Structures are given as C-alpha cells and as structure tokens.
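These notes are about the structure you will find just below.
The values are calculated or read from the model by the stated rules, or taken from the named source; none is laboratory data. All of these numbers come straight from a predicted model, not from anything done at the bench. Glycine also receives a Cβ, built like all others from the backbone with ideal geometry; neighbour counts cover every protein chain displayed. Areas reflect the complete protein model, heavy atoms only, side chains present, ligands, DNA and RNA absent. Shrake-Rupley method; radii C 1.70, N 1.55, O 1.52, S 1.80 Å.
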Amino acid sequence: MTTKPAISSRWNSRFSFILAATAAAVGLGNIWKFPYIMGENGGGAFIVVYLICIFTLGVPVLMGELLIGRRGRNSPGYAARNLAAESRRHPAWQLTGWVTMFTGFMILTFYVVVASWAFSYVVKSAQGQFHQADSEAITQIFRGMAGSASEMLLFTALLVIATAVVVGKGFKHGLERTVRWAMPVMLVLLVGLAFYSALVGDFASAVNFMFKPDFSELTMSTVLIALGHAFFTLSLASGVMMMYGAYLPTNTSIVGTSIWIAIADTIVALIAGLMIFPLVFGYGLVPGEGPGLIFQTLPLAFASMPFGVFIGTVFFVMLLLAAFTSAISMVESIAAFTVERFAVSRWTAAISTCVVLFALSMLTIFSFSGAGWTQVDITFLGKHMTNLFEVIDHMTSNILLPIGGLIIALFTGWAIRSKFMAAELQAAGWVFKLWQFAVRYIAPIAITLVFLQLTGVLS
Ligand code: PFF
C-alpha cells in the first residue's frame, strides 16, 4: 500500500535548503559536544579521524536519507513505506522511517532541556552572575540551575512554545523563514566570538592542540567515538534529513548539497573549537573537562576577561540559536506526520507535538532535580544508568542512532531497487557506484563496529 504524496511545499532555492539543513545539523553537537569530546580525546588526532568518518560514513547515509525523503514525498514513516512498496519489499522496511522519527523525538526531549540551560545562562550572564566568580561559585550556579525543577520547567516551556509557534506557522512562513535569519545571525556571532577569543586568549596553543595530530594518542575507542559523533552532528537517523528531503525540488543535486552540508557543519564545529580553546588555554583551564566544558569551564574565562559579561552573554545567545534551529527541525517531521495521519491543521499538529514534548522533557528535568521517581538503577548492555535522563540519552544516542543508521544504509543500499536510487540520485555512474558501495558495505560494517563497542562487546 502506498500513501499519496502529502508534501507539496518545496525549498525556495538550493541555498535555502543548504542553510536549513545546516541549521538543523549545527547545534549543541557542534558547540557543546564536539569541543569537549575532542578535548577528552587528544585534540588533533581525533579531528583527523572525525573528518574521515564524516565523509566516508556521514555523507553517504545523509544522501540515503535525502533520497528516501524526496522519492517518498511524505513524512519519514510514510515515505519509507512508499519506497518499500514501490520496490515490492516487505512492509517491515517502513520501520526505517518510524524508528528514526521516534529516535529524533526522544533525543529532542532532553535536547530542549540542555538548550534551556543555554537559555538560562543567557539571563545569568547578562545579569553579571559570572562576573569575577571563581570555580566554586560557577559550579554552584550550574548545579543550582540544573537542579531547580521550577527554573528548568520555565525555560523549557518558553523554548517549546517558541518551537511550536515556528512549526505551527507552516513550512514556508515558519521553518524556512526562521532559519533564514537565525542561521546567519548565529554564524556572525560565532565568527565574531572566535576573533575576540583569538585576541584575548592563547590562539597558538589552541591551533597546536587542534591541528597537530599526535597519533600515539589514538585508540580504538577514539575512532569509535568519532564515528558516533559524525552521526549525531549531522542529525542522521533522527527523521530530520528524510523530512528535509521531502521538501527538495526534483532537480536539486543530492550529492552536491550533501557534501556542502557536511562541510558547513564541520567548519562550524572547527570554528567553535577555535573559539573555545584559546580561552581555555589562555585562562589556564583544562581542555579535557568533559560535558562541563561549556557550562562550567568557559564561564571561568568570561568571569575575568575584558568585556566578559557581554561576551559571555553573546556566547550563550549564539548557543541558544544553534540549538533552537535544531529543535525546530526535529519537531517539523513529527508535526508533518501528525498532519498526514490525523488530517489536522498545522497549528493543531505543532501544538499537540509540543505538548507531548514538554510532558516528556520532564523526565529529564526531574532527573536533574533528583526527584525520586526518576532515579533508577539499571545496567543495560554494559552501561550503568542512575536516572531517566541517562536512560533516554543512552538508549537514543548510543543504541537507536546506530541501529537507525544501519537500517537506513541497508534499506537504501539493498532493499530499494538500484534503478530507483540511481534515477533519484541523478549522478554519474561512478558516483552512484561509490555511494552504493558506501551504504552497502562501509556504513553497515562501521556502524556495527560502533554498536558493538558501545554495547561493550568489543571493549
Ligand atoms: N545535529 C544536531 C546537533 O549536532 O546538535 C542535533 C541532533 C539532531 C542530534 C538529531 C541528533 C539527532 F538525532
């Protein structure tokens, strides 16, 4: 059974699509996660491996998702169902769409909470709370914020409402228009901050740290972390890119645009590193501090640098914008699905999606505030988890993302007939062969390796 194409809107231009897809891809993953995992994994050597992963694994899977979306012309679940039917494959292949949409939505339930930390930090920074603060005081501020359920409910609610408004306005007036101003503003702020940081920080040490690879530091685990992150940072296997593919005009080159998106996302991550590490080294901080790098380490630099209150505020505004455009992208596919499935208006779909999102975000909010009902004691596939946030994070980022990516690779590489994919890709024969080799062999093998490592089988 096939579903009628439900998506009739199209990106305004190729540029508009690249901007939107980059805005979806660029987020907390680039500015929060990339610098800290690079910091923890030895800097330069990590970057080299990460770049290889982005271009050998990320780009082919990204192309696969855009192909599914464009040929299916529906929200991810129905798009995959259409393609399975067209190639006369078992209807179970439609899971490719449903699993990834579910993953994206579950990621979003904690993603909005971390984004709301950035939101709260905009206010705290502007109030001068970090000014002259020492390490102890900043740790107190961070713990006080993440642990305060009322504060987090407030900021998360504001963010979720803003997301509902953008998605409710529809594809053209909401998503496309918002991205057109938010993304350039975010980029200008990031580049401005990077220049300032080079001026007041220790730029030479940062460049040394990031671009002088020391391969003796390379371990199997570094390789696998880089691989997993390549996936996360490009928003793969979360329904987003399939959805964005459904809005792609028929004649847009999927090969060219995918490469551009990967390059743009990578450049943003590198600039984020070049912005953060000069401050880390210049102010005598530690690069390998882990997830607290942005929320606990960096404010120490803002505390004592010239114009620190202003610069800190700008930094968190930039982070908030980056996270916001990613949040919109994830709600978009669920809202489009709700419109298709229940024949409701855009507004009804966006609002109901966001109500459910807000309700589920409480699982994370109350995990950080330490509420008794969120505390668990589970060990699953080698990972010990103590609260519901850790369960959702681990299940999505480490388990569902790799599984989703694997299914996408197998679906586009083996299940859908080659002639359909070749017709949709519209590229030279050797390009198609190269892509097919990547989704048939490289991606499945690489993803299986990450998966086995993350689940402890390979460690
Ligand atoms: N790619 C985005 C980031 O790097 O922040 C967010 C993201 C979206 C991650 C969807 C993962 C995902 F499944």
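Ligands, DNA and RNA are left out, and with a 1.4 angstrom probe the accessible area of region 50-203 is 37 Å² per residue. Against the longest alpha carbon principal axis of the chain, how many degrees, from 0 to 90 and to the nearest 10, is the axis of helix 14-25 turned? The angle comes out near 60 degrees. Straight-line reach from Lys212: which aspartates and glutamates fall under 19 Å, measuring Cα to Cα and dropping same-chain residues less than 8 apart? Partners found: Glu40, Asp202. Taking the square roots of 5 times each eigenvalue of the Cα gyration tensor of region 1-44, largest first, gives ellipsoid semi-axes of 36, 15, 7 Å.
Taking all protein chains together and a probe of 1.4 Å, list Thr257, Thr3, Thr56 from the most accessible to the least accessible. Don't skip to the end; give the middle numbers.
Values: Thr257 0, Thr3 35, Thr56 60 Å².
The ordering from most to least exposed comes out as Thr56, Thr3, Thr257.
Within a straight-line Cα-Cα reach of under 29 Å, Lys124 can be paired with the following lysines, leaving aside sequence neighbours fewer than 8 residues apart in one chain: Lys33.
Summing Lys and Arg as +1 and Asp and Glu as -1 over all other residues whose Cβ lies under 14 Å from the Cβ of Asn12 gives a net charge of +4. Counting only protein chain heavy atoms and rolling a 1.4 Å probe, the accessible areas of Tyr244, Tyr441, Tyr196 rank, largest first, as Tyr441, Tyr196, Tyr244. Expressed as a whole percent, the accessible area of region 372-439 that falls on carbon and sulfur atoms is 67 (1.4 Å probe). Rounded to the nearest 500, the helix-only mean residue ellipticity at 222 nm of the chain stands at -22500 deg cm²/dmol, with each DSSP H run of n ≥ 4 adding -39,500 (n - 2.57). Taking a straight Cα-Cα cut-off under 23 Å and skipping sequence neighbours fewer than 8 places away in the same chain, the lysines within cross-link reach of Lys433 are Lys419.
A 1.4 Å probe, protein heavy atoms only, puts the accessible area of His394 near 10 Å².
Over all directions, the projected convex hull of the C-alpha atoms in the chain averages 20.4 nm² in area. Cα centroid separation, region 430-447 to region 375-393: 34 Å. Taken over the alpha carbons of region 181-256 as equal point scatterers, the Debye sum produces base-10 log I(q)/I(0) values at 0.16, 0.18, 0.25 Å⁻¹ of -1.01, -1.06, -1.10.
For region 270-302 versus region 105-130, the inter-centroid distance based on Cα atoms is 17 Å.
Rounded to a whole number of µm²/s, how large is the Stokes-Einstein D of region 143-218 at 4 °C and 1.567 mPa s, given Rh as the Kirkwood radius over C-alpha pairs?
On the way: Rh = 16.6 Å.
Once the numbers are plugged in, D ends up at 78 µm²/s.
Accessible area of Trp181 (1.4 Å probe, protein heavy atoms only, ligands and nucleic acids ignored): about 130 Å². In region 387-436 the Cα-Cα distances spread across 10 Å bins starting at 0 as 23, 34, 21, 16, 6, 0 percent of all pairs. Kirkwood radius and radius of gyration were both taken over the C-alpha atoms of region 415-459, and their ratio Rg/Rh is 1.19.
Using a 1.4 angstrom probe, figure out how much accessible area region 270-342 has per residue, in square angstrom, rounded to the nearest whole. Walk me through the numbers on the way to the answer.
Details: 2000 Å² over 73 residues.
The answer is 27 Å² per residue.
Ranking Ile7, Leu360, Phe302 by how far each Cα lies toward the positive end of the dipole of the chain (charges on Cβ) leaves Ile7 at the top. As a fraction of the 1.4 Å probe accessible area of region 315-358, surface on carbon and sulfur atoms comes out at 76 percent.
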